Amino acid sequence: MKPGIPKGTRDFSPEEMIRRNHVFHTIQNVYRKFGYVQIETPAMENLTTLEGKYGDEGDKLLFRILNSGEPFQKLSKPAPEVRTSEVSEKGLRYDLTVPFARYVVMHQNEITFPFKRFQIQPVWRADRPQKGRYREFYQCDADVIGSNSLLNEVELVRIIIEVFKSLGIQISVRLNNRKILAGLAELIGEPEKIIDITVAIDKLEKIGREKVVEELLNKGLSKDAVQKLQPVFDMGGDNDTILASLERMLKDSETGMKGIFEMNFILDTLKDVYPNDIVPVVDVTLARGLNYYTGSIIEVKVDDSRSEFSSSICGGGRYDDLTGIFGLPGVSGVGISFGADRICDVLEEIGAFPDFSNISTRILFVNFGQAEARHCLKIVSALRDKGIYAELYPDEAKMKKQMSYADSRKIPFVALVGTEEMKSRKITVKNMEDGSQSSLSIDDLVAKLG
RNA sequence: GUGAUUGUAGCUCAGCUGGUUAGAGCGCUAGAUUGUGGAUCUAGAGGUCGUGGGUUCGAGCCCCAUCUUUCACCCCA
């Protein structure tokens, strides 16, 4: 049998894992610094938990797990009409936010609100893989649930900026508010078409004004309604200009005005508290597909001359009632999610990973035979007790082979302890970089490597 | 789901309009060098040409199907 792995999944080599862990640890450290605590949830959830939370597209991309116990046994042979629900009741998680909402409801009596949790785990989507798109990928989520304060939004933006500063990636942050989009839909008298409108508007930059108008008309909007959206197409300038013109448009929409207020609050607070940070850009065209967002919407893209990466690498927003469907209404949450795999792709592309050579074994002991190996193991053990990464070559192989092993592992020192050294209680240490050799006591060696 | 694209040695890839025994570089193994890695030289191992059908006297090359790779659309981290 020829080995293989499912489409859109990947193996990670030791070198890649070092890099990936660097990203995970950087994000995790920032989360911890801001008071977030970690949880994990199962890879699979009940389909009832997952379905209907991500829109029609999302449901299509859910990986469904076949029930165990031969679910097809009772079915007739030639492709019977069978409802998915009859053969599958579990699915792999599509994101971390919905399972988190489920977690909050199930554990509401143990949780002290506001609850600030982070979660770093893989998610699965049955997408067609392409650039920056995998069927298994890691999300690094931080959410605050049980607090309406806009200070949470402010904090999350600050976290984003700190993370990417630590990683060394230049970014741009875009900010929008679902209430503004709802206000616009209200304004043109098509409040129930908010999703269609936002999805179309989102493409403005990509496909241009005419195509967007065409798409809106196709979705059943009247010419008059589309005409009313014109100011949105023309919107430009700095944040204040955009917000001012939105205010003119939405002055009669209570929801819309609330969205504008929220945006202003977040931007003003950021400017006041973090005057040196990059400023999020107000962007009415930012839609984000996830159906459950109700307030702020955040998206981060790479803005680095060294990178061509155009997909978003972090996103988030506020959802006012995600726990409601699980039976805990009136609890608002807001969160962000870093796409670790895409971030790794970007770091790779721009060569911004730190140098991780030499973080493993520092010294390898050559194996000359049973008695020598035993003697060396004692020294190795003493070194490890001092916190020095050391290892003994397990086989009594040829010198060349053992040296090559050290070389390919980039181990900087090799210890040669044969009968001579055992007698004199010394260790011959070879520096693999310059080839120099010296004869040292254990204490000298500890001092050299420690 | 739609439209393209890819698959030949462990890796990166050649392989002419279909024509004898499918090649190279790197890597690997052994030796030159039995207590010294990288550099050099020599030798060697390694392939059902993604898979299954078809066309043909003859298929790595043409046709069909399928899987896989990569990319765009849709959507998204």
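Structure values in brief
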item	result
Some residue of the stretch A:379-391 being of a type in the set (A, V, I, L, M, F, W, C), more than 9 Å from RNA strand B (Cβ to nearest atom), outside any strand (DSSP E or B) and without any contact (Cβ under 8 Å) to a residue 60 or more places away in the chain	yes
Filter result for A:GLY236 (part of a helix (DSSP H, G or I), in the same structural domain as A:GLU192 (by TED's automatic domain parsing) and of a type outside the set (A, V, I, L, M))	no
Total residues in the stretch A:344-369, condition within 13 Å of RNA strand B (Cβ to nearest atom), hydroxyl-bearing (Ser, Thr, Tyr) and touching a Phe, Trp or Tyr at 6+ places or on another chain (Cβ under 8 Å)	0
Any hit, the stretch A:141-158, residues being assigned by TED's automatic domain parsing to the domain that holds A:VAL281, assigned to a loop (DSSP other than H, G, I, E, B) and free of Cβ contacts under 8 Å to residues at least 60 places away in the same chain	yes
Out of A:ARG83, A:ARG133, A:ARG102, sole residue that is assigned by TED's automatic domain parsing to the domain that holds A:LEU151 and at pLDDT below 95	A:ARG133
Residues satisfying the stated conditions in the stretch A:26-51, i.e. touching a helix residue (DSSP H, G or I) at 6+ places or on another chain (Cβ under 7 Å) and either farther than 23 Å from A:CYS344 by Cβ or outside any helix (DSSP H, G or I) (or both)	A:PHE34, A:ILE39, A:THR41, A:GLU45, A:THR49, A:LEU50, A:GLU51
Positions within the stretch A:86-105 being in a helix (DSSP H, G or I) and either touching a residue at least 60 places away in the same chain (Cβ under 8 Å) or in contact with a Ser or Thr (Cβ under 7 Å, 6 or more places away or on another chain) (or both), in sequence order	A:THR97, A:VAL98, A:PRO99, A:PHE100, A:ALA101, A:ARG102, A:TYR103, A:VAL104, A:VAL105
Positions within the stretch A:407-450 being assigned to a helix (DSSP H, G or I) and more than 7 Å from RNA strand B (Cβ to nearest atom), in sequence order	A:MET422, A:LYS423, A:SER424, A:ILE442, A:ASP443, A:ASP444, A:LEU445, A:VAL446, A:ALA447, A:LYS448, A:LEU449
Selection count, the stretch A:258-304, where residues are away from RNA strand B (no atom under 15 Å from the Cβ), farther than 29 Å from A:LEU216 by Cα and in contact (Cβ under 8 Å) with a residue 24 or more places away in the chain	11
Close pairs from the stretch A:123-134: first among the acidic types (Asp, Glu), partner within 6 Å of RNA strand B (Cβ to nearest atom) and in a strand (DSSP E or B), Cβ under 7 Å, at least 6 apart	A:ASP127/A:ARG133
Residues satisfying the stated conditions in the stretch A:392-406, i.e. more than 11 Å from RNA strand B (Cβ to nearest atom) and within 23 Å of A:ASP434 (Cβ to Cβ)	A:TYR393
Helices (runs of 4 or more DSSP H) contained entirely in the stretch A:168-211, each with at least 3 residues that are at pLDDT below 85	A:194-202, A:204-207
Residue among A:ARG362, A:ARG342 that alone is basic (Lys, Arg), in contact (Cβ under 8 Å) with a residue 24 or more places away in the chain and surrounded by 19 or more Cβ atoms within 10 Å (Cβ to Cβ)	A:ARG342
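Conditions tested, residue by residue: (1) of a type in the set (A, V, I, L, M, F, W, C); (2) surrounded by fewer than 17 Cβ atoms within 10 Å (Cβ to Cβ); (3) in contact with a strand residue (DSSP E or B) (Cβ under 7 Å, 6 or more places away or on another chain).
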| site | (1), (2), (3) |
| --- | --- |
| A:LYS211 | no, yes, no |
| A:LEU217 | yes, yes, no |
| A:ALA225 | yes, no, no |
| A:VAL232 | yes, no, no |
| A:MET235 | yes, no, no |
| A:LEU246 | yes, no, no |
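The values are calculated or read from the model by the stated rules, or taken from the named source; none is laboratory data. Because the structure is a prediction, the values reported are computed rather than measured. Neighbour counts are summed over all protein chains in view; Cβ atoms, including those assigned to glycine, are modelled from backbone coordinates with ideal geometry.
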